[in-house]
Amino acid sequence: MGAVATKKVSVTLNADVLEHARENARLRGMSLSAWLSEAAFRANKVDEGLRAVREWEKENGRLMPLRVTVLGNPAENDDHAGL
């Protein structure tokens, strides 16, 4: 795997958020920069997924009513228990 391009930036964080980020980085044996980069990467993936769901819902309707329509009520149907 090749080197990943990085860019140095300055950010302002809430003091409590920074404290938790530093502690989480320490617990994972990571630098604060690496932890923040991973956290931003994950947040971007979540945002992309949520946008994809919204787009899907625009084309197909709300996801939850569709799930209930297709699967029925899982509590009443042993075939779908645990879904």
How high is the FRET efficiency between VAL11 and ALA52 when r is their beta carbon distance and R₀ equals 35 Å, given to the nearest 0.05?
-> 0.80
Give the peptides 46-52, 5-11 in descending order of average Cβ contacts within 10 Å, highest first.
-> 46-52, 5-11
Of MET30, MET64, how do they rank once you tally other Cβ atoms within 10 Å and put the fewest first?
-> MET64, MET30
Note: VAL4 to ASN60 extended length (0.36 nm per residue) minus current alpha-carbon separation gives 16.3 nm
Could you name the lysines in cross-link range of LYS58, using Cα to Cα under 27 Å and dropping any fewer than eight places away on the same chain?
-> LYS45
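The numbers here are math on the coordinates, done by the rules we state, and not lab data. Computed from a predicted structure; not experimentally measured. Backbone-built Cβ (ideal geometry, glycine too); neighbour counts: all protein chains shown.
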